[in-house]
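Working notes for the structure below.
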Amino acid sequence: MSEQKPCRSELLEWINIVSFAVDDVKLFLDTHPCSAEALEYFEEFKKQRIQALKEYAKYYGPLTVDTASPCSDHWTWIHEPWPWQKGGC
Amino acid sequence: MWNYEKRLQYPVNITQTNPKIAQVIISQFGGPDGELAASMRYLSQRYTMPYNEVTGILTDIGTEELAHMEIICAIIHQLTRDLTPEQLEKSGFDKYYVDHTLALWPQSAGGAPWTATYFQSKGDPITDLHEDMAADGTIL
């Protein structure tokens with residue numbers, strides 16, 4: 001089964017979107033720890049974020065230490081551009 | 001502890017060099033109301049905050065301020081990238097350049113170095129929260 005390679009910029013934009021959702025609802029939950037609606041929102045976007053980060057790491061290298069693949073034969077963390085550089089995230 | 005995530009919280013893609021604007025924006029890095037001061041303020045105050053809700057939010061916002069600092073630094077870096085000697089002199093960026101070249105160094109737009117006196121940490125929750133509201137009122 002062949003999987004289609006996702007567009008890098010689109011996938012990165014999606015990671016930024018779902019990550020912001022997670023960050024923001026996390027702050028809300030700090031002061032509203034019993035909000036069922038916020039808890040559900042957090043779970044949903046956390047799931048999407050983990051999925052997107054895994055997908056990104058598979059094709060374009062890891063953005064987090066947890067998605068740095070143990071299977072690859074070299075350390076890709078320093079090869080991909082840093083976020084402030086051209087072609088970075 | 002902290003983990004680094006290799007992306008900006010919000011992307012920065014500046015294509016035009018502009019050292020004049022960079023000299024103003026640098027205050028948001030190392031100025032009195034900049035991101036570095038904001039992060040250090042929250043991360044310092046949290047140890048004596050007696051409410052878990054507030055300790056949590058100080059930790060998480062203090063962390064997020066570091067991500068904001070990285071965005072600002074990326075903006076300054078990209079605004080001063082590929083700077084020509086003419087642009088350097090004409091923009092007034094030469095005064096920064098003589099000490100730091102194109103490296104990032106936390107200072108205010110007026111050239112004052114970043115200092116811990118930009119924030120307060122007193123151990124009294126009302127005092128510290130007032131300090132936070134004065135400094136960064138739209139968030140807390």
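The values are calculated or read from the model by the stated rules, or taken from the named source; none is laboratory data. Bear in mind that the values here come from a model prediction, so they are computed numbers and not experimental data. Because the Cβ atoms are built from the backbone with ideal geometry, glycine has one as well, and the counts that use them run over all protein chains shown.
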Look at the range B:108-137 and say how many of its residues are in contact (Cβ under 8 Å) with a residue 12 or more places away in the chain and in a helix (DSSP H, G or I). 9
Any residue in the range B:1-14 that is away from chain A (no Cβ under 13 Å) and over 26 Å from A:Val25 (Cβ atoms)? no
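Per-residue answers, yes or no, for (1) more than 9 Å from every other protein chain (Cβ to nearest Cβ); (2) under 22 Å from B:His68 (Cα atoms):
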{"residue": "A:Ile15", "(1), (2)": "no, yes"}
{"residue": "A:Phe20", "(1), (2)": "no, yes"}
{"residue": "A:Val25", "(1), (2)": "yes, yes"}
{"residue": "A:Phe42", "(1), (2)": "yes, yes"}
{"residue": "A:Lys46", "(1), (2)": "yes, yes"}
{"residue": "A:Trp75", "(1), (2)": "yes, no"}
What about A:Trp14, is it modelled with pLDDT under 95 and either over 18 Å from B:Asp60 (Cα atoms) or among the polar types (S, T, N, Q) (or both)? no
Given (1) part of a helix (DSSP H, G or I); (2) of a type outside the set (S, T, N, Q); (3) without any contact (Cβ under 8 Å) to a residue 40 or more places away in the chain, B:Arg7 misses just (1)
Between residues in the range A:19-36 that are over 12 Å from B:Ile57 (Cβ atoms) and residues that are among the hydroxyl-bearing types (Ser, Thr, Tyr) and modelled with pLDDT of 95 or more, which pairs lie under 7 Å by C-beta distance while being six or more apart or on different chains? A:Val25/A:Tyr41
Residue count, the range B:48-107 (criterion: β-branched (Val, Ile, Thr), in contact (Cβ under 8 Å) with a residue 60 or more places away in the chain and assigned to a helix (DSSP H, G or I)): 7
Considering each residue of the range A:25-58, count those that are over 9 Å from the mean Cα position of the chain (by Cα), surrounded by fewer than 15 Cβ atoms within 10 Å (Cβ to Cβ) and part of a helix (DSSP H, G or I), and give that number. 9
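Search the range B:18-44 for residues being in a loop (DSSP other than H, G, I, E, B) and surrounded by 19 or more Cβ atoms within 10 Å (Cβ to Cβ), and hand back the single one that is farthest from the other protein chains (Cβ to nearest Cβ).
In this case the residue turns out to be B:Gly31.
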Of the residues in the range A:1-24, how many are loosely packed, with under 14 Cβ neighbours inside 10 Å and in a loop (DSSP other than H, G, I, E, B)? 6
Do the conditions hold for B:Tyr51, that is, is it within 24 Å of A:Asn16 (Cβ to Cβ) and either surrounded by fewer than 18 Cβ atoms within 10 Å (Cβ to Cβ) or among the aromatic types (Phe, Trp, Tyr) (or both)? no
